[in-house]
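The next block holds one structure in the form of structure tokens; read it before the comments.
The values are calculated or read from the model by the stated rules, or taken from the named source; none is laboratory data. Predicted model, so just to flag it, every value in this text is computed and none were measured. When we count neighbours, we look across all protein chains shown, and the Cβ atoms used for this are built from the backbone with ideal geometry, even at glycine. Areas reflect the complete protein model, heavy atoms only, side chains present, ligands, DNA and RNA absent. Shrake-Rupley method; radii C 1.70, N 1.55, O 1.52, S 1.80 Å.
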Amino acid sequence: MKIICRTLKALSIFTVLFLSLSFSAVSQTERLKKIRVEYSGFVDSDSLRGPGVSVFTRDNTQQVHFTHEGINLWCDQAVYYEKEDFIEAYSNVVMIQGDTINMSAKYAEYSGKTQLAFASGDVVLTEPKSVLTTDTLHFDRVKQQAFYQSKGKVVRDTSGTITSQIGRYYMNSKKYQFVQDVVLVNPEYTLNTEHLDFYTETGHAYLYGPTTIVGESNTIYAERGFYDTNNDTGYFVKNSKINYENRIFEGDSMYFDRKINFASATNNIKVTDTINNSLVRGHYAEVWRAKDSVFITKRALAITVQEKDSIYMHSDTIMVTGKPEHRITRAYYNAKIFKSDLSGKADSIHADHKSGLTQLINLARFSTSDAFTVKRRPILWNLDNQMTGDTIHLISNPKTEQLDSLLVFDNAFLISKDTLDAGYNQIKGQRLIGLFKDNDLYNVDIIKNAEVINYSRDDDQELIGINKSKSGKINLKIEDEYKIITLIDQIDGEIWPESLFPENARKLRGFDWREEERPKSVDDLFKDDPPLVLPVIKGLDDYIPQEDFFDDALLQRVEDAKPKDAKKEDQQKASRNIPQDVIKKADSAKVKTLQKPMKREN
């Protein structure tokens, strides 16, 4: 029995000793977590403010200095509330965290319990890559975030100046998040948006919502994008547009390099020439601003908008070059042209908009040495007439937008169907010169080695005979349904009755009727193209709205920091600069939670 009693007594002593040591350790920990006074010239108690309130004032040698959990605070005067472990710092306040954050202000507050700081009056927050200035600033050391909602300005040497109504700095990721009336001013451009995420280490900016970037010679618009402020390059998606003063460049996805005045775009591209009233479409394009050059491919289509009848040009690749007053359009590989009364086709089409000269050219790489192969020469269709030759020049009046004349160089060949489909009227020779009136071909001269096959009819459209002749030159006048053929320096020829004219003689050498190739609509320009497969544009992630700076976790820290003996009506210093609407919202949520009926247990 004695042994048992001694054992219980020893155990009791050990328990008391253990608990004493434990409470001592807790007290030591709490003491170490309190704000520490490193230096003060003068110290006074302020009983009017309450018990445990001290006023610290600097002397002539240095400022008042406090430390807490890796943060240093200097000021000219401070009021310290021991019970709440809370400081009010006045005049020339400086707060430094490690070697990355330096904040100065006229006034600051800091709570050792919540690790929340508040600064006002000429607030300047400096980190290695930028400087933030604002009127009021909240600083949460637990989340490592700084927050303002009274307008702020961030200056970064290489990026310029960013201002916004609301801003947040995330210290761990070196990121600013700007919201509402965001303006980035750079010597080269000014950027306006509603949401901007900016990383100070890299100079990368992510743009969300309607955004404009205005430079000296261009204006960019997008509703989502990325901009590298260090290298002056950008990537834009969603209603992207670049205005180059005389060109508007649009596309689903756009890349922009300001230093070299270059832009490229992918999918659903439109380049509008506002001066020459023309545009180019396609699904991949490049614009070189300094060279006044546009390159476009993938269903490339150039449109010259005219008052009465627009001209459409399609090919594998289209280039538009030259100053606004002298634009040149080049279409390469399987090029086609269409307007209501004229269409054409060639390997390459070259259009000079100033002179009105359009050239249809075949490329040497498509020539063949096979004597029995018909060479696919450039071709034009006007009403019922088909014209081919080695090279075709079409001349129009740029002012009146009317066709003027036509030149066919070498191997000129004009074909039209007989009015009653009995055969083909044909004229060929070395060169062809045609004249237009009201965009209709009315006069044709075939020069040198001219040949003709013509189905001659009377006024009642009865077939008189088939004329086959050779001549030095042939003139053809087209008036409504009548064609008057004049042979000049005739060599030979005669009119044959249809029954006596051999079938194998009814086509001149080199005859090539190509009506099936004729584009009869804009859609026909694309009928020979391979299937179009567009790349999928991933774009940028959706905008993530700012989470509440004064979130539930922060408000709970503030609640937990209340002194245990605090009265309900007492204002807690750690919460007095939290917006009242936030506190009311939190209180309302608590009331609703308390008012929820409890589940009855069975």
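In deg cm²/dmol, rounded to 500, what helix-only [θ] at 222 nm does the chain give when every DSSP H run of at least 4 residues adds -39500 (n - 2.57) and the total is split over its residues?
Values: 3 runs with 57 residues, N = 602.
For the chain, the value works out to -3000 deg cm²/dmol.
Once you have all Cα-Cα distances for region 419-500, histogram them in 5 Å bins from zero and send the whole-percent values. P(r) over region 419-500, rounded to whole percents: 3, 15, 24, 24, 19, 12, 3, 0. With a Förster radius of 51 Å applied to the beta-carbon distance between Asn504 and Glu245, the computed FRET efficiency rounds to 0.25. Measuring r between the beta carbons of Lys520 and Lys151 and using R0 = 60 Å, the FRET efficiency lands at 0.45. Helix 2-33 and the long axis of the chain differ in direction by around 50°, with both axes built from C-alpha atoms. Divide the volume of the convex hull around the Cα atoms of region 34-100 by the residue count and you get 82 Å³ per residue.
With no solvent and one equal point scatterer placed on each C-alpha of region 187-284, evaluate the Debye formula and give log10 I(q)/I(0) for q = 0.15, 0.16, 0.20, 0.24 Å⁻¹, two decimals. Here the Debye-derived log intensity ratios amount to -0.56, -0.63, -0.97, -1.33.
Computed over region 217-345, the P(r) tail beyond 18 angstrom holds 52 percent of alpha carbon pairs. Work from the charge dipole of the chain (Cβ charges, +1 for Lys and Arg, -1 for Asp and Glu, about the Cα centre) and give the residue of Ile303, Leu476, Pro128 farthest towards its positive end. Of the options given, the answer is Pro128.
Computed from the Cβ-Cβ distance with R0 of 60 Å, the FRET efficiency linking Asn268 to Val37 stands at 0.35. Histogrammed with a bin width of 10 Å, the alpha carbon distances of the chain distribute as 3, 13, 15, 13, 11, 9, 8, 7, 7, 6, 4, 3, 1, 1, 0, 0 percent, first bin at zero. Seen from a random direction on average, the alpha-carbon convex hull of region 424-567 projects onto 20.9 square nanometres. With the simple spin-label model, which puts each label point 7 Å out from Cα in the Cβ direction, the Asp541 to Lys129 separation comes to 1.7 nm.
Would you tally the net charge around Arg431, using a Cβ to Cβ cut-off of less than 14 Å, leaving Arg431 out, and scoring K and R as +1, D and E as -1? Intermediate results must be reported in sequence, preceding the final value.
Working: positive: Arg377, Lys428, Lys448, Lys473; negative: Asp390, Asp410, Asp445, Glu451.
Cβ neighbours under 14 Å give a net charge of 0.
With K and R counted +1 and D and E -1, the other residues having a Cβ less than 10 Å from that of Thr200 yield a net charge of +2. The relative contact order of the chain, computed from alpha carbon pairs under 8 Å that lie at least 6 residues apart in sequence, is 5 percent.
Quick check for you: with a 1.4 Å probe and neighbouring chains kept, what is the accessible area per residue of the chain, in Å²?
It amounts to 54 Å² per residue over the chain.
With N as its number of residues, region 81-125 has a Cα radius of gyration that, divided by 2.2 N^0.38 Å, comes to 1.14. In nm, to one decimal, how far is the modelled label at Asp460 from the one at Ala422, with both set 7 Å along Cα→Cβ? Placing both labels 7 Å beyond Cα along the Cβ direction yields 1.4 nm. When the C-alpha to C-alpha distance is required to be over 26 Å, the pairs from Lys298/Lys538; Lys241/Lys339; Lys308/Lys336 that qualify are Lys241/Lys339. The HN-Hα couplings worked out from phi for region 461-477 by the Karplus form 6.51 cos²θ - 1.76 cosθ + 1.60 (θ = phi - 60°) are 6, 7, 6, 7, x, 10, 8, 10, 9, 10, 7, x, 8, 10, 10, 10, 10 Hz, whole numbers, x standing for Gly and Pro. Of Trp496, Trp513, Trp381, the residue with the largest accessible area leads and the full order is Trp496, Trp513, Trp381 (1.4 Å probe).
Using the Karplus relation 6.51 cos²θ - 1.76 cosθ + 1.60 with θ = phi - 60°, the per-residue 3J(HN,Hα) values for region 51-56 come to x, x, 10, 10, 10, 10 Hz, with x marking Gly and Pro.
Once the Cα atoms are used to define both axes, helix 580-595 deviates from the longest principal axis of the chain by about 80 degrees.
Please compute the net charge surrounding Met171, taking Lys and Arg as +1 and Asp and Glu as -1 over other residues with Cβ under 11 Å from its Cβ. Residues near Met171 contribute +3 overall. Equivalent-ellipsoid semi-axes for region 266-401 (Cα gyration tensor, √(5λ), whole Å, largest first): 25, 18, 13.
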